[in-house]
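The values are calculated or read from the model by the stated rules, or taken from the named source; none is laboratory data. Quick caveat, the model's predicted, so the values are computed rather than measured. As a convention, Cβ positions derive from the backbone with ideal geometry for all residues, glycine included, and neighbour counts pool all protein chains shown. With ligands, DNA and RNA removed, areas are computed over all heavy atoms of the protein, side chains included. Shrake-Rupley method; radii C 1.70, N 1.55, O 1.52, S 1.80 Å.
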Amino acid sequence: TSIIVGYFMGNLMASYLVAKWVMGYDIREHGTGNAGGSNSFMLMGWSNGLIVGIIDNLKAFLAVYIIRLMYASDYPDSLPLLMMIAGSMAVIGHIFPFFMGFRGGKGVACFMGMCLGIDGMIGLYVILIIMGLTILTDYVALASIIGYVAFPIFVAFWPEIFFNNPDQTYNLVIVSLALMVSIIGIWKHRNNISNMIKRKETGLRSVLMKHSK
């Protein structure tokens, strides 16, 4: 159930639908070619980009929350793993959506939504840290990559904090899921990494200036 709920929630591609409605085209054929919030922001402005980001965040949050509602009372000991499966599959569903030929986004907003669904405070910290790093570095991609790198490390060494449960201990399956999400998320940023090395990556400030004119 966690796999099915997570994956199909992840398949709800807000960037594709909003771009079709607002711009009349497939967002994957324009800008960076990515079906996610950052490309939506660059192509359609901050308001439409924000809508896409919120929906992408919510779909992973809801995937985790649905599993929480279904299993919290009957399977409390298995709940962290079940929530992690649902959240991870929402990210995977966003990155590899079935109905879009497995060409989706980079999963960052979904990743934040998953963290928010697992524990509200941890999710809020993740969102604030990624936003802060984006402002500090001027690169959404760099902040996202740092978030993906830190994710499995935090889940492995501080699971009791991540799941807000003092009894939660290291779980190999949970860590493996976090590592899978991290590796795929970083792999999806390979073009951004190349552009940053070549100093060709588009910065947040330049995008803001473009849409403020």
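Brief remarks follow.
- Residues of region 45-57 include at least one that is within 24 Å of residue 163 (Cβ to Cβ), touching a residue at least 12 places away in the same chain (Cβ under 8 Å) and either among the β-branched types (Val, Ile, Thr) or out of contact with any Asp or Glu (no Cβ under 7 Å at 6 or more places or on another chain) (or both).
- Total residues in region 90-111 satisfying the condition of being open to solvent by less than 40 Å² (accessible area, probe 1.4 Å), assigned to a helix (DSSP H, G or I) and not small (Gly, Ala, Ser): the figure is 8.
- Members of region 150-173 found to be of a type in the set (Phe, Trp, Tyr), over 20 Å from residue 113 (Cα atoms) and not in a loop (DSSP other than H, G, I, E, B), listed by number: 157
- Residues in region 112-122 that are touching a helix residue (DSSP H, G or I) at 6+ places or on another chain (Cβ under 6 Å) and surrounded by fewer than 21 Cβ atoms within 10 Å (Cβ to Cβ): 122 alone.
- Search result, residues across region 160-213 that are at pLDDT 95 or above and either touching a Leu at 6+ places or on another chain (Cβ under 7 Å) or more than 22 Å from residue 111 (Cα to Cα) (or both): 171, 173, 174
- Among the residues of region 34-44, those that are under 18 Å from residue 131 (Cα atoms) and either without any contact (Cβ under 8 Å) to a residue 24 or more places away in the chain or open to solvent by less than 10 Å² (accessible area, probe 1.4 Å) (or both) comprise 36, 39, 40.
- Note on region 180-190: residues that are open to solvent by 10 Å² or more (accessible area, probe 1.4 Å) and either of a type in the set (S, T, N, Q) or over 10 Å from residue 88 (Cβ atoms) (or both) total 5.
- Per-region count, region 50-79, residues in a helix (DSSP H, G or I) and open to solvent by 10 Å² or more (accessible area, probe 1.4 Å): 16
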